[in-house]
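A short write-up of the structure that comes next.
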Amino acid sequence: MDRLSNAWQQSRRDFLTSSASGLGAAALTSLLAKEGVMAATVDHSNPLAPKLPPLPARAKQCIFILPAGAPSHLDLFDPKPKLRELHGEKPPESLVKNVRFAFVKKETAVLAGSAREFTRHGECGMELSDYLPHLGSCADDLCLIRSMHTDAFNHHPAQLMMTSGVPRFGRPSMGSWLTYGLGSEAESLPGYVVLTAGRGSSGGVSNWSSGFFPSTYEGVVFRSQGEPVLNLNNPPGVSAEMQQRGLATISKLNARRLEKLGDPEISSRISSYELAFRMQAAAPELIDLSDETEKTLDLYGVTRPEPKKHSYRGGGAHVYQQFATNCLLARRLIERGVRFVTLVHASWDHHSNLDEELGYNAGMADQPIAGLIKDLKQRGLLDTTLLVFAGEFGRTPLWENRGGNQKDKVGRDHHPFGFSVFLAGGGSKGGVVHGATDDIGWAPTKDPVHVNDLHATIMHLFGFDHMRFTHRFRGLNVRLTDQGGKVVSELLA
Amino acid sequence: MRHLPFPVVCLGEMILLACGLSAGAAADEIQSIDFVKDVQPLLRTRCVSCHGPELSESGLRLDQKKRAFEGGDNGRIVVPGEPGKSRLLTIVSGDDDEIGLMPPDGEGTPLSAEEIGLLRTWIRQGANWPADAEPAAQVSHWAFQPVQRPSLPPVADPGWIESPIDAFVLAKLEDEGIAPSPPAPRATLIRRLFFDLLGLPPTPAQVDTYLNDQRPGAYRRLVERVLASPHYGERWGRHWLDLARYADSDGYEKDRPRPHAWRYRNWVINALNADMPYDRFSALQLAGDMVPDASIEDRVASGFHRNTLHNTEGGTDKEEDRVKKTVDRTNTMGTIWLGMTVGCAQCHSHKYDPLTQREYYQLYSFFNSIDEVDISAPLPLEQAQYEIAKAAYDEAHRPLTEKVNKYVQERLPQAQAAWEASSPQSSVVWRPLDPSNAVSRHGAELQKQDDLSLLAKGTNEVADVYTVDLLVESSQPLTGLRLEVLPDESLPKKGPGRADNGNFVLTSFRLLAAPAAAADDQSKPVEIPLQTAQADFAQNDWPVAAAINDNAEDGWAVSPQIGKRHVATFELVEPLPATEATRLTVVLDQHYAGGSHNLGRFRLSYTTTPGPHTLEGFPSQIADLLAMDLAERTPEQAKQVTDYFRTIDPELATLQKAVANHARQAPKASTVRAQAVVQTATPRDTRIHIRGDFLNKGEPVETRPPSVLHELQPRAERIDRLDLAGWLFADENPLMARVTVNRIWQRLFGTGIVETVDDFGTQSDPPSHPQLLDWLAGEFHRQGFHLKQIQRTIVLSNTYRQSSATRPELADRDPENRLLARQSRRRVEAEVIRDMALHVSGLLVNTLGGPSVRPPQPTEYSGLTYANSAKWSVSKGGDAYRRGLYTFFQRTSPYPMLMTFDSPDSTACCAERSLSNTPLQALTLWNDPVFFECAQSFGRRILVETAGCRDDDGGLRERARRAVKLSLGREASDGELQDVVALYQDQHRLLLADPAAAKSLIGKTKVPTDATVTELAAWTIVGRTLMNLDEFITKE
């Protein structure tokens, strides 16, 4: 009881003033979210009301692109000429001795160079694969980390590691942490929106779960066609006018109950219904692209033709269009004040037929993401919008040889020891290549960045000390960065 | 400080280096060190598991000031003020030649430079160790103290005391000068009680019964009625399933369905309805497989352990997955029965609670020897019904089998004698021919089998020709040949042919003969013409006659009847005498151009009976026996004849057919299965997992509970899960009863007496009413751990019956209502919301138990799972309208309505759900097709139940009154009636202007007689509105 009233009093006093208040505010939000505990005089009708972070922030909004399945760093981001020279040779025994693989058979594994050509881009001279020409034209805005490593090597745990900081179910995703800590500027849309393309990801909805936070902070899946949000449309026969008048009666009857019982939760309910009603108009408007110019559509590649063949792991009838549309919708969501947008595409799990599969996926992703970065930049949004492109791990410098059969040596296996991710905008440093892996891209030799370090850095950009941004759960002060994490200052602009 | 868990490669030399991150800077020398904050946690997490109360390696203890400064077997290690003389620093730096690095490899993470710096500064500053920093302070934590039986506190207003509970609550309120709230109105109270105990609203009739019961004890009678309802087990079962992390699928990427999971849920519901004492309820779930004479139900209960996640993703390490499950089982037990977050000690000794990492793995060890099994588990009722039906069937079946036995004993011998007298062997008899030589033109191998058939092996070329020599000697001339083609496991599709599809094409079948005794040069075999080919089956356009015609292109084939024996017979145009030994040569030509359609296995036989021949004929072996003198038959031979006769005796066949026909009506045994566990035959070795890494094993540990709690008295030498269950319920356990009653209190009041319902450790909040908690715990124990009884005790109290209206005067003094000056007002859980909408609309199909069901959900939704792995085919009929707890719970794409209203994700034990209030909830109640269907039915129900009302003001008010009564369970106020009628009139007017909208709005709902489509549509909107009110989804 003391804990609550202290936090409450202190939060009221210090809110927005001292640097500790961000924590107080976050704790307050948690307390407010428990129904029935607040006094009638407190207006907590909107748990998503915008809040300031405790520390100076560079980023205000985030677009997190999750290429689920884990793209090959060796064929996109991290050139390894030495690996090419060693193509076909056996890896040193000591390298693979104590390593677990999902599918690679150690006895017959051989090193595999990339078939891709890497060229330098921008003033910074960042080397990227020929699969990423459009992103190459954004090189001076990209902050490429080539020394990532993670703790999990199966998809679902590793995706959870990347999205929620631990390789297990049940923790809030990064988007939940940020909407919990910062609320949202969007008045007619949820604070945390998810857009998907391609097949489902291994992690499914757990990748945008609110964990132990209330579902207020869970990612809301928007669809780019039809009904953008589950249950958004009125049932057949119910017109907007009928809906509006029905809402008026709901509010009126709820207000009568509020008057009688004084429970502030009732006013919170009234607000939720009003936001829901506003969303019914705002969400269709969001996905209606008729006000976008042809030039913008072309920039993202929304109308470019689909490849003839699309029967790939990441394929589908309209996946190119879907992904490009999602990138454009991400910008529209950012413009409307949404705090966190997650773009998911699956799958990049290229155990076989690597060149063709990866070519399809990269072709899908390259132009729209580059278009998104350029568009955000020209609209002045890139300064405060952090874009993250991060798969759950990398892929082996060894050919995968399922069943020990050399005939199938055309893919790469799961590789948690070293991989690449990139950031853009939101206070990240453009034109930077941070860290390096060894000659075969196995593990970092310089400036290793753990997934939790990336999280700590992102939290820093948003004005949070990751060590102090905690929530008490099951007897522990839980944070996004679990037991580790340190801010990587070299990534900051 | 994080270590890179992998080597780094430097190619060229191909040398591998171990690499860690560079050490951080030493601690700031200027800072002042706080022992409790800075040093003690280091000692506790890194040193005390070996140098502490349970192990004092080298005689050293670092948990007590005196012992720490005394040092151990190797002398002093801390000299205050003199870091240079303090050996502790060289030891933790790994610079001590004698002792080496501490903690040693495998026992813990070495200290970082920063941490060593901290220790150095602490020693330099005088190694201050405050006397009150002894760890004994931890054990004095209230929750580890024995449960007291408190005496009731005196109160100023004894009239308010309905139950001892009230005394504890009132005493505290009086201390604060606060009066309790008045009792809730009866209509509110019955609704509250129904939600709390059954998870369903009362019907208007049930409400009226209670409102009209003016005799004393009305409430008590109501409580008894409610507790007796079978829906009690569903409501409290769902609470339990939250703790048991129940789901219908595996979780992780593949997220396979668990078709038998529901069987455990049924057990929970039934056990709670039967008010099984909580000690037994717990023991069976923890160790139902180990109780003496474990019944099927007991073993089903052990399925509690099977609710863990299960990873079947490709490349998963099975041992890692098993370890994860074992960890989850350990942690779940800790949360449910101890209220302790034991999981914190998985990677290192608990920072706050008296639980070392060693003790964690000692606890883990109880669950480490579990193996998973699926068992046959008929439902008790189902099994009983089966047994009754089976008995009746057996009763009816017995006379039929008796008839057979009687016939065999009494009449079969005569029948056989009569049969033998009729010389049955005079019909056709096929005698197998023994191949003396068999060759294939293209080199296939033709191997003779025991049954004298030939099996083709080796090469299988197009158009092979087999040539088979057979010797025969017979007193009668040969009149026919028989070819049997036989299936064999070695052949494609089991043959009988060698083609990929199991077929063959016999294009030509020829017979040649020569005297066997003649010299080779004189014995040119003579072609013996054949005629009248017949077969049991021939492929369309591939008749057997084609095998003996002149056309080499056609022939005999048997597709699609592949994998079975087939028979062909051929008559000799002229009988062939064979009184002298004769060599027959059969040529089988398989000249089929379309592929290697050669025979796989076949056998040749002959007959001497004049044609026409039957395909099967009389078995040669029996024919020989019958030809013998009766007296010469050995008993074995006599039995052979009898056995054969039994297969052909028509009378016996009739009797046996009656038996077989009746057997088809035999009742089917249940196919229901359940997930269960068993104990491995030999216990698994349990070791500390260093830093929680299952590959990094430390010292072995024994099986035992944490030392901060009472001793365990094992039943036998080997301590097991059943011992653990007994230990949990030992009188000395201070936690179990407190944790349990607190959780029940939380369900009934919204907040526990201890707010952290899953954590009673040193970091938990102190109880708001410690004596009340102990009184309830003691009462629970005294009452024999009956859950219903303790719930009855609580709901009968005046504390429970208070109004939940907010009290503005207490807003500042007691914002959280911890003093219990009123009841709490809370939104009900996801399942209850669904159940209520179905209940009010009359759609609810309220059957108890059974497999999980799939109510309608948006089709796109399951597409979010990996490769659309979670197929969702909507349940048919009434199963689409079952209570929420029966909804199939697919872990990676849980039913969206449930998740929108904060159902737990079922990945780990959940003691308390979060409660959110979001616009998506509004959209769900407004527009989800399931809820709108409820609104349509509700609209119709309003009209039907007010059938006599006219469409005037009075009539509309009456309908509105009924609508409010049905949905909110109370009378509407005048203002509310006005609002509802105004809404109706407004919507009715809009709909009159748009009849098409009205029509589509009511969907398939039947318009009641005397009502119009527009009226039904407008009342549907009214129903929808009422079901969207805050009050509708709130327990007040």
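The values are calculated or read from the model by the stated rules, or taken from the named source; none is laboratory data. Keep in mind that this is a model prediction, so the values were computed, not measured. Cβ atoms come from the backbone with ideal geometry, glycine included; neighbour counts cover every protein chain shown.
Listed values, structure above:
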{"read-out": "Hits in region B:989-1003 - residues which are more than 7 Å from every other protein chain (Cβ to nearest Cβ) and of a type in the set (A, V, I, L, M)", "value": "B:Leu991, B:Leu992, B:Ala993, B:Ala996, B:Ile1002"}
{"read-out": "Residue selected from region B:792-813 under the condition farther than 14 Å from B:Gly750 by Cβ and without any contact (Cβ under 8 Å) to a residue 60 or more places away in the chain, by the criterion nearest to the other protein chains (Cβ to nearest Cβ)", "value": "B:Ala811"}
{"read-out": "Only one of B:Leu796, B:Leu848, B:Leu843 that is in contact with a Pro (Cβ under 6 Å, 6 or more places away or on another chain), surrounded by fewer than 19 Cβ atoms within 10 Å (Cβ to Cβ) and either at pLDDT 95 or above or not assigned by TED's automatic domain parsing to the domain that holds B:Lys1004 (or both)", "value": "B:Leu848"}
{"read-out": "Any hit, region A:270-285, residues being surrounded by fewer than 20 Cβ atoms within 10 Å (Cβ to Cβ) and either free of Cβ contacts under 8 Å to residues at least 12 places away in the same chain or aromatic (Phe, Trp, Tyr) (or both)", "value": "yes"}
{"read-out": "Search result, residues across region B:443-464 that are aliphatic (A, V, I, L, M) and surrounded by fewer than 18 Cβ atoms within 10 Å (Cβ to Cβ)", "value": "B:Leu452, B:Val462"}
{"read-out": "Output for region B:465-491, where each listed residue is surrounded by 14 or more Cβ atoms within 10 Å (Cβ to Cβ), acidic (Asp, Glu) and either at pLDDT 95 or above or part of a loop (DSSP other than H, G, I, E, B) (or both)", "value": "B:Glu484, B:Asp488"}
{"read-out": "Residue within region B:173-187 that is within 43 Å of the chain's Cα centre (by Cα) and either of a type in the set (Ser, Thr, Tyr) or not in a helix (DSSP H, G or I) (or both) present", "value": "yes"}
{"read-out": "Condition check for A:Val433: crowded, with 23+ Cβ neighbours inside 10 Å, more than 10 Å from chain B (Cβ to nearest Cβ) and assigned to a strand (DSSP E or B)", "value": "no"}
{"read-out": "Residue in region A:293-313 that is within 14 Å of another protein chain (Cβ to nearest Cβ), in contact (Cβ under 8 Å) with a residue 12 or more places away in the chain and farther than 18 Å from A:Arg223 by Cα present", "value": "yes"}
{"read-out": "Answer from A:Arg120, A:Arg84, A:Arg116, A:Arg146 - the residue that is part of a helix (DSSP H, G or I) and either on the phi < 0 side of the Ramachandran plot or within 14 Å of another protein chain (Cβ to nearest Cβ) (or both)", "value": "A:Arg84"}
{"read-out": "Flag for A:His434 being modelled with pLDDT of 95 or more, touching a strand residue (DSSP E or B) at 6+ places or on another chain (Cβ under 7 Å) and not polar (S, T, N, Q)", "value": "yes"}
{"read-out": "Residue in region A:204-228 that is surrounded by the most Cβ atoms within 10 Å (Cβ to Cβ), counting only those that are touching a Phe, Trp or Tyr at 6+ places or on another chain (Cβ under 6 Å) and more than 7 Å from chain B (Cβ to nearest Cβ)", "value": "A:Tyr217"}
{"read-out": "Candidate set from region A:262-292 (those that are away from chain B (no Cβ under 14 Å) and part of a loop (DSSP other than H, G, I, E, B)); member that is modelled with the highest pLDDT", "value": "A:Glu292"}
{"read-out": "When residues of region A:87-113 are limited to those that are among the charged types (D, E, K, R) and in contact (Cβ under 8 Å) with a residue 24 or more places away in the chain, the one nearest to the other protein chains (Cβ to nearest Cβ)", "value": "A:Arg100"}
{"read-out": "Pairs with Cβ under 6 Å, 6+ apart, first in region A:410-430 and within 14 Å of another protein chain (Cβ to nearest Cβ) and crowded, with 24+ Cβ neighbours inside 10 Å, second of a type in the set (D, E, K, R) and in a loop (DSSP other than H, G, I, E, B)", "value": "none"}
{"read-out": "Among the residues listed as A:Arg479, A:Arg468, the single one being crowded, with 20+ Cβ neighbours inside 10 Å, in contact (Cβ under 8 Å) with a residue 60 or more places away in the chain and of a type in the set (Lys, Arg)", "value": "A:Arg479"}
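One line per residue, one yes/no per condition, for (1) outside any loop (DSSP other than H, G, I, E, B); (2) farther than 20 Å from B:Arg818 by Cβ:
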| residue | (1), (2) |
| --- | --- |
| B:Gln148 | no, yes |
| B:Gly159 | yes, yes |
| B:Ile165 | yes, no |
| B:Phe168 | yes, no |
| B:Leu193 | yes, yes |
| B:Leu200 | no, yes |
| B:Asp208 | yes, yes |
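Each row is one residue, and each column tells you yes or no for (1) under 27 Å from the mean Cα position of the chain (by Cα); (2) aliphatic (A, V, I, L, M).
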| site | (1), (2) |
| --- | --- |
| B:Gln675 | yes, no |
| B:Ala681 | yes, yes |
| B:Ile688 | no, yes |
| B:Phe694 | yes, no |
| B:Arg704 | no, no |
| B:Val708 | no, yes |
| B:Asp720 | yes, no |
| B:Leu724 | yes, yes |
